[in-house]
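Notes follow once the structure below has been shown.
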Amino acid sequence: MIRTFLWERKSWISFVLGLHLLWIFIAFIDTAIPLQPIIYMVFLSLLFFTVFVFIRYQKETRFFKRLKEWDHNLNMTGVDAPDTPFQEIVSDSLSEQANLLRKTATENRIMLEQEKDDLLSWIHEVKTPLTAMHLMIERLGEDPVKSHLKYEWLRIHLLLDQQLHQKRMSFMENDLFIEDTNLESVIFQEIKTLQSWCIQKGIGFDIQLEVINVLSDAKWLSFMIRQLLTNAVKYSSKTDIAIVSEKRAGKVTLSIQDFGRGIDSRDLPRIFEKGFTSTTDHNDHASTGMGLYLTKRVSEPLLISIDIESKREEGTRVTLTFPEKNDFVQLTGV
């Protein structure tokens, strides 16, 4: 800070030093003026000037030091009161700007909350005609169009469900209820939802559940498994999807393995990024790049770790490792 202060006052300091040098120069070339008293006066003057600069440094930089340490949280109470008119101008300008930004942030937050509430309301309203549409499709009998309609209905249903859970994630911690959850019922319910799609693609399931119960939130765990099964079915055809639960190193794991197109090794580090689809199959319009991103986001509050192994054209295995009971002491409502 002292270097900055001296550089800021360099013109004044240069002027004073130049004036003193001028006195010495005049006394040197003019024999009528004694040189020694002039040098003594210059020495005393520079000494007092140094003390004056030090005092002004302490006084003038106090405000700017606190301003530099300010954490930019739009609250000016942590900044010292200004000591000079120019500091007052800076302080008033920053206060006005902070108030304006606070007001804008509050308005934007209210607007976002309103848009989120409107979207959630719209999704719930859309579910009613969607349910009616599903009943109408079921009444078509053996019509060849039925399977195609069910597939398109399922796509809409899954996208709406994904959007609904995405909007709820901001207050997910308030919605958690950790309890013993039956893996078998959750998995079979999600398979039942995807049944028509699996039949259309000729996909079966090989299920081996050594461990049935896990400690988790049933609703959000269902969402995670739904995203993983949707990906497995989407990128597979005429193969079985293996679902295995077991205990490893004292923790329950659930593996979902498909034998579809797999993921390129260079894409693996980026698969949890929002909106990332693929560098190899970049033109695949069926991919949204949201499934694994949302799964990863949900897994964090649930303390579930996700590991993915994949080879191109051989398939993908996703392993969920569930926490133990002691790991949930930090979560509210357990």
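By how many nm would the segment from residue 248 to residue 52 grow when fully extended, if each residue of separation counts as 0.36 nm and the alpha-carbon distance is taken off?
On the way: separation 196, 0.36 × 196 = 70.56 nm, distance 7.31 nm.
Full extension from residue 248 to residue 52 adds 63.2 nm.
Which of rounded, prolate or oblate describes the range 185-260 when judged by the alpha-carbon gyration tensor and an a/c cut-off of 1.5?
Values: a/c = 2.26, a/b = 1.58, b/c = 1.43.
Judged from the Cα gyration tensor, the range 185-260 comes out prolate (a/c at least 1.5, a/b above b/c).
Is the range 105-196 rounded, prolate or oblate when judged by the Cα gyration tensor, a ≥ b ≥ c being the square roots of its eigenvalues, rounded requiring a/c under 1.5 and prolate requiring a/b larger than b/c?
On the way: a/c = 3.48, a/b = 1.51, b/c = 2.31.
The shape class here is oblate.
So if we plug the beta-carbon distance of residue 6 and residue 86 into 1/(1 + (r/R0)^6) with R0 = 22 Å, what FRET efficiency do we get, rounded to 0.05? Intermediate values should be presented prior to the final figure.
On the way: r = 18 Å, r/R0 = 0.81.
Once the sixth-power term is evaluated, E becomes 0.80.
Label points 7 Å out from Cα along the Cβ direction at residue 93 and residue 270: separation in nm?
Here the answer is 4.2 nm between the modelled labels.
Calculate for the chain the 222 nm mean residue ellipticity that helices alone would give, adding -39,500 (n - 2.57) per DSSP H run of length 4 or more and normalising by residue count, nearest 500 deg cm²/dmol.
On the way: 9 runs with 184 residues, N = 334.
Taking each H run of at least 4 residues, the total per residue is -19000 deg cm²/dmol.
As an exercise, use a Förster radius of 41 Å and the Cβ-Cβ distance of residue 109 and residue 207 to find the FRET efficiency, rounded to the nearest 0.05. Walk me through the numbers on the way to the answer.
Working: r = 45 Å, r/R0 = 1.10.
Computed FRET efficiency for residue 109 and residue 207: 0.35.
With a 10 Å Cβ neighbour count serving as the proxy for reagent exposure, in which order, fewest first, do 235, 57 appear? Show your work: numbers first, answer last.
Numbers: 235 20, 57 15.
Exposure proxy ranking, most exposed first: 57, 235.
State to the nearest 20 debye the size of the charge dipole of the range 103-178 about its Cα centre, where the only charges are +1 on K and R beta carbons and -1 on D and E beta carbons. Present the calculation step by step, with values, prior to reporting the outcome.
Working: 10 positive and 13 negative charges, 19 e Å.
In total the dipole reaches around 80 debye.
Of the peptides 269-279, 142-152, how do they stack up when ordered by the mean number of other Cβ atoms within 10 Å, highest first?
Averaged packing, sorted descending, gives the order 269-279, 142-152.
Which order do the peptides 155-161, 313-319, 253-259 take when ranked by the mean count of other beta-carbon atoms within 10 Å per residue, highest first?
253-259, 313-319, 155-161
Apply the Karplus curve 6.51 cos²θ - 1.76 cosθ + 1.60, θ = phi - 60°, to the phi angles in the range 307-316 and return the couplings in whole Hz, x for Gly and Pro.
For the range 307-316, the Karplus curve yields 10, 10, 10, 7, 10, 4, 6, 10, x, 9 Hz.
How would the range 3-59 be classified by its alpha-carbon gyration tensor: rounded, prolate or oblate, with rounded meaning a/c under 1.5 and the a/b versus b/c comparison settling the rest? Display every interim value, and only then the final one.
Details: a/c = 5.27, a/b = 2.18, b/c = 2.42.
Oblate is the answer for the range 3-59, as a/c is 1.5 or above yet b/c matches or exceeds a/b.
Of (1) 1.36; (2) 1.06; (3) 1.75, which is the value of Cα Rg over 2.2 N^0.38 Å derived from the coordinates here?
Only one option fits the structure, namely (3).
Please state the charge dipole magnitude for the range 140-328, taken about the Cα centre, from unit charges on C-beta atoms (+1 on K and R, -1 on D and E), reported in debye and rounded to the nearest 20. Working shown, then result.
On the way: 24 positive and 28 negative charges, 79 e Å.
Result for the range 140-328 is approximately 380 debye, rounded to the nearest 20.
A short reminder: the numbers here are calculations on the coordinates, not readings from a lab. Only a predicted model underlies this, so the values are computations on that prediction, with no experimental measurement involved. All Cβ positions, glycine included, derive from the backbone under ideal geometry; neighbour counts span all protein chains shown.
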